[in-house]
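One structure is given here, and the rest of the page talks about it.
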Amino acid sequence: MAGRDRGKDASLAASRTLNPHPEAVTDPAFTSGAFFDPADLVQVKYEMVRAVEAGQMGAGAAASAFGLARQSYYNARKALAGHGLAGLIPAKPGPKGGHKLTGAVTDFLEQHAAADPALSSAQLAAAVADEFGVTVHKRSVERALAARRDSGDEHKEPSKSS
């Protein structure tokens with residue numbers, strides 16, 4: 001990407017919208033060097049969907065011309081329809097919420113903490129590992145128990161934990 005604006009590329013990378021393969025975009029609008037930027041993944045996906053919706057080409061041809069897989073077209077179309085342009089921004093990687101501290105695990109934690117208030121969060125985490133075979137951080141135990149206390153709901157799963 002010689003001659004490119006490094007600041008723009010850094011901004012695109014920071015927002016997870018830098019196209020990893022801009023050289024694969026062969027659509028004439030992007031190769032003319034004018035307004036369209038093949039490194040802007042949101043713009044590439046939007047124009048790919050627009051080309052199909054406008055009847056300029058089919059899904060397979062559009063995906064090829066925009067340097068993406070055919071399934072990317074269908075994913076982009078669905079995301080655009082459901083969430084607008086913001087739907088084309090890739091989601092943050094990784095788990096989207098707590099997946100280890102289920103309701104059963106949190107119930108177990110509450111029961112043990114109530115039975116022996118002197119237990120530390122590290123000891124409670126060790127008890128979870130022994131009982132469920134799940135390794136959790138002591139801070140996750142603290143957050144899960146605090147979330148239950150704050151909500152007043154004895155069977156609500158915490159929103160964030162590990």
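The values are calculated or read from the model by the stated rules, or taken from the named source; none is laboratory data. Predicted model only: the values in this text are computed from it and were never measured. Cβ atoms come from the backbone with ideal geometry, glycine included; neighbour counts cover every protein chain shown.
The figures follow:
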item: Filter pass, G67 being part of a loop (DSSP other than H, G, I, E, B) and of a type outside the set (S, T, Y); result: yes
item: Failed condition for V49, given (1) closer than 26 Å to G94 by Cα; (2) buried (at least 18 other Cβ atoms within 10 Å of the Cβ); (3) aliphatic (A, V, I, L, M); result: (1)
item: Condition check for A54: exposed (fewer than 12 other Cβ atoms within 10 Å of the Cβ), aliphatic (A, V, I, L, M) and more than 15 Å from R4 (Cα to Cα); result: yes
item: Residue within the stretch 9-28 that is of a type in the set (V, I, T), part of a helix (DSSP H, G or I) and not assigned by TED's automatic domain parsing to the domain that holds V128 present; result: no
item: Any hit, the stretch 32-47, residues being in contact (Cβ under 8 Å) with a residue 40 or more places away in the chain, part of a helix (DSSP H, G or I) and among the aromatic types (F, W, Y); result: yes
item: Residue within the stretch 108-115 that is loosely packed, with under 12 Cβ neighbours inside 10 Å, without any contact (Cβ under 8 Å) to a residue 60 or more places away in the chain, polar (S, T, N, Q) and within 24 Å of R16 (Cα to Cα) present; result: no
